[in-house]
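Here's the structure, in structure tokens; my notes come after.
Read the figures in this text as sums done on the coordinates, not as results from a lab. Keep in mind that this is a model prediction, so the values were computed, not measured.
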């Protein structure tokens with residue numbers, strides 16, 4: 001079953017960098033995952049995100065308000 005990874009942000013350079021890192025981690029780990037971008041501000045707020053960029057794995061917010069490192073995302077994906 002594919003993991004669901006969501007990236008929250010309005011499309012700023014920090015959010016784009018976060019998406020790039022997440023996709024690199026998924027590729028390097030060779031995991032089955034679907035990446036979705038959430039750019040609607042109402043959806044972002046309703047999900048409890050207070051700072052972007054943010055990342056959720058299978059519905060759980062795991063990163064908020066910073067660009068994660070590649071190693072950080074890989075560790076999160078392996079644990080979750």
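Helix 13-29: angle to the longest alpha-carbon principal axis of the chain, degrees 0 to 90, nearest 10?
20 degrees
Could you tell me what percent of the DSSP beta bridges with both partners in the chain are antiparallel, to the nearest 5?
55 percent
Report, in degrees rounded to the nearest 10, the 0 to 90 angle that the Cα long axis of helix 70-79 makes with the longest principal axis of the chain.
80 degrees
How large are Rg and Dmax for the chain when only the alpha carbon atoms are used, in Å?
Gyration radius and largest Cα-Cα distance of the chain: 11.4, 33 Å.
Taking Cα pairs under 8 Å and at least six residues apart, what relative contact order does the chain come out at, in percent?
39 percent
Would you give the gap between the C-alpha center of the stretch 42-62 and the C-alpha center of the stretch 19-33, rounded to a whole Å?
19 Å
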